[in-house]
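Single-structure report; data block below.
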Amino acid sequence: MGQDKGTGTQCVWDNSRSGSTISWGTDYTWANSSKGRDSDVKSYAGTVLGRHWGWKTDRASTGLPVRVGDRKKITAKWSFALSSNPGTMNVAYDLWLHAKGGADWPDQPTDEVMIWLDRQGGAGPLGTKYGSVSLDGAMWDIYQGDIGWKVYSFVRRTNTTSATLNLDDFTQALVRRKLLSNDKYLSGIEAGTEVFKGSGRQDTKSYSVDIG
């Protein structure tokens, strides 16, 4: 992801799968390269459901894409653990949206929505603060930025290592603020560890996504 901005190593492994619930882990050591800064993301190791760069969504097996305006409930459950002093990093969902339901590998996203459950070492999101919202039993600060597509980040005010979220609540929070339109398609759901610098470990105990 940002390997040219950093120097170090990272390992990712899978632990188990039971039905639609999976577990995995990662450990890492990252420092800035001569081209890197503390604000540069060095890696984002995690899991992908649906479309990603180079992969096209298989609707039959993933349930994606989903039109935002169809208001499908998307239940995401995640329980994880972090090592002590894990560096500058966050643990977050990364949602990808497109203008059409059949987005293929060359199609650029129109919007990206990140949902930060835990952040450490002073990690901060892209862009500027837009406002705040109460969703799924917690307060979140909303940030917006642009990297060729719109990036919206929901940053939980208090860290958690266990959460059950309806991801539709977050896209609709943007729709209500006229930041996202109902005719966009959620085509990919990622969950992972975004590392800026430092050494640490993240262990996902259990993770699942249920659509519909």
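The values are calculated or read from the model by the stated rules, or taken from the named source; none is laboratory data. What you are looking at is a predicted structure, and each value in this text was computed from that prediction instead of being measured. Cβ atoms come from the backbone with ideal geometry, glycine included; neighbour counts cover every protein chain shown. Each accessible area value is taken on the protein alone, full model and side chains, heavy atoms only, with ligands, DNA and RNA left out. Shrake-Rupley method; radii C 1.70, N 1.55, O 1.52, S 1.80 Å.
Calculate how steeply helix 167-176 sits against the longest principal axis of the alpha-carbon atoms of the chain, using the helix alpha-carbon long axis, and give the answer as 0 to 90 degrees to the nearest 10. In the chain, helix 167-176 runs at an angle near 70 degrees to the longest axis. Which shape class, rounded, prolate or oblate, goes with the stretch 35-129 when its Cα gyration tensor gives a ≥ b ≥ c as root eigenvalues, a/c under 1.5 marks rounded, and past that a/b bigger than b/c marks prolate? Prolate shape, in that a/c is at least 1.5 and a/b is the bigger ratio.
Computed packing ranks the peptides 97-109, 194-206, 18-30 as 194-206, 18-30, 97-109, most packed first, by mean other Cβ atoms within 10 Å.
Share of carbon and sulfur in the accessible area of the stretch 145-210 stands at 43%, probe radius 1.4 Å. When the stretch 36-175 is described by a simple charge dipole with +1 on each Lys and Arg Cβ and -1 on each Asp and Glu Cβ, the residue from 114, 83, 134 located farthest towards its positive end is 134. Rounded, prolate or oblate: which fits the chain when a ≥ b ≥ c are the square roots of the eigenvalues of the alpha-carbon gyration tensor, with rounded for a/c under 1.5 and prolate only if a/b beats b/c? Taking the square roots of the gyration eigenvalues as a ≥ b ≥ c, the chain is rounded.
Between residue 188 and 51, 96, the built amide H atoms are under 5 Å apart, and every one of these is 5 or more places off in sequence or on another chain. Rounded, prolate or oblate for the stretch 5-67? Axes are the square roots of the Cα gyration tensor eigenvalues, ordered a ≥ b ≥ c, and the cut-off for rounded is a/c under 1.5. Here the stretch 5-67 falls in the oblate category. Accessible-area rank, largest first, for 13, 55: 55, 13, with all protein chains present and a 1.4 angstrom probe.
Here the chain is treated with +1 on each Lys and Arg Cβ and -1 on each Asp and Glu Cβ, and its dipole about the Cα centre works out to around 320 debye.
Per residue, the chain exposes an accessible area of 46 Å² to a 1.4 Å probe, with every protein chain left in place.
Within the straight-line cut-off of under 19 Å between alpha carbons, the aspartates and glutamates reachable from residue 5 are 27, 38, 40, 194, sequence neighbours fewer than 8 places apart in one chain being disregarded. Expressed as a whole percent, the accessible area of the stretch 61-135 that falls on carbon and sulfur atoms is 46 (1.4 Å probe). Listed peptides 151-160, 179-188 appear in the order 179-188, 151-160 once ranked by packing, highest mean of other Cβ atoms within 10 Å at the front.
Using 1/(1 + (r/R0)^6) with R0 = 30 angstrom and r between the beta carbons of residue 83 and residue 126, what's the FRET efficiency to the nearest 0.05? Result of the calculation: an efficiency of 0.75. Cross-link partners of residue 72 among lysines, defined as those whose alpha carbon lies under 20 angstrom from its own and excluding same-chain residues fewer than eight positions apart: 100, 178, 184.
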